[in-house]
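See structure below.
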Amino acid sequence: MLALAFLSVAAPTAAAVEVWRIDPVHTQILFSIDHQGFNQSLGLFKAGAGTLWFDPDDWSTARLEVSVDTGSLLLGDAKWEETVRSWRFLDTGRWPQAHYRSIRVERQADGSGLVHGEFELHGRKQPLDIAFTLNKLANDPYSFRRTAGFSAGATFRRSDYGMDKVLSAVGDTVTLRLEAAFVRDRGASDEPPPIPTEEKTDAADE
């Protein structure tokens, strides 16, 4: 009995995975793409709904799901924004949202990591890895809420998602820079969704 009591005290308890919600005010999605070799054109999207299932002590259990309103595109010019939203590129009338969901997360050195996941854009799904850094995890002194802040980046080819028009004028490679904040949701009780298999992710949704 004494031995069992000792084991019950000495055995480490598994920390529960916490639910975090994206803070849309402090989350931005910046992208760059080649403009005929002259320069890199910059654009911005607003993040939509997003949930992070995250145990700060065990990143291997983390899950992420985020949606992006493709109609929120900002380029600094109304006519060019209308063109990119049209059937020539994003076709936001047909596909108003993009989605990203993780498959697994690798923790690396110095607060950095790599998310392996799938990205759905323009009606197609492709694998997409996102390198990230956990900048800070603390109570926000203004909102008094537990907040996790991340910087991240990724690259993909738009032609892989069926957007292959005017490649001679607008580059194929899209570079993403992500600045994101997530706020802990203490009242959440929902479980992470099922993990998609990597075999399924590798196949494009033709």
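The values are calculated or read from the model by the stated rules, or taken from the named source; none is laboratory data. Predicted model only: the values in this text are computed from it and were never measured. Every residue, glycine among them, receives a Cβ derived from its backbone with ideal geometry; neighbour counts consider all protein chains shown. Please note that ligands, DNA and RNA were not included when accessible areas were found on the heavy atoms of the full protein model with its side chains. Shrake-Rupley method; radii C 1.70, N 1.55, O 1.52, S 1.80 Å.
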Return a yes/no flag: does region 80-88 have any residue that is touching a residue at least 60 places away in the same chain (Cβ under 8 Å) and closer than 23 Å to ASP172 by Cα.
yes
In the set GLY43, GLY50, which member is crowded, with 17+ Cβ neighbours inside 10 Å, in contact with a Lys or Arg (Cβ under 8 Å, 6 or more places away or on another chain) and among the small types (Gly, Ala, Ser)?
GLY50
On the given criteria, is ARG124 at pLDDT 95 or above, surrounded by fewer than 17 Cβ atoms within 10 Å (Cβ to Cβ) and farther than 21 Å from GLU18 by Cα?
yes
Within region 76-106, restricting to residues that are under 16 Å from the mean Cα position of the chain (by Cα) and among the charged types (D, E, K, R), the one that is farthest from ASP164 (Cα to Cα) is GLU106
Which ones in region 143-179 are among the hydroxyl-bearing types (Ser, Thr, Tyr), under 18 Å from SER41 (Cα atoms) and at pLDDT below 95?
SER168
Qualifying residues in region 13-43 (those that are part of a loop (DSSP other than H, G, I, E, B) and among the polar types (S, T, N, Q)) - the one modelled with the lowest pLDDT
THR13
Is it the case that some residue within region 70-79 is of a type in the set (Lys, Arg), over 20 Å from LEU176 (Cβ atoms), open to solvent by 70 Å² or more (accessible area, probe 1.4 Å) and touching a residue at least 24 places away in the same chain (Cβ under 8 Å)?
no
Scanning for something modelled with pLDDT of 95 or more, touching a Gly at 6+ places or on another chain (Cβ under 8 Å), outside any loop (DSSP other than H, G, I, E, B) and farther than 23 Å from ALA62 by Cβ, does region 181-188 turn up at least one residue?
no
Filter result (touching a helix residue (DSSP H, G or I) at 6+ places or on another chain (Cβ under 9 Å) and under 27 Å from ALA138 (Cα atoms)) within region 50-109
GLY50, ILE103, ARG104
Does ALA131 qualify as being in contact with a helix residue (DSSP H, G or I) (Cβ under 7 Å, 6 or more places away or on another chain) and either within 22 Å of LEU75 (Cβ to Cβ) or open to solvent by less than 70 Å² (accessible area, probe 1.4 Å) (or both)?
no
As an exercise: evaluate VAL84 against (1) crowded, with 16+ Cβ neighbours inside 10 Å; (2) part of a strand (DSSP E or B) and give the number of the one condition it does not meet.
(2)
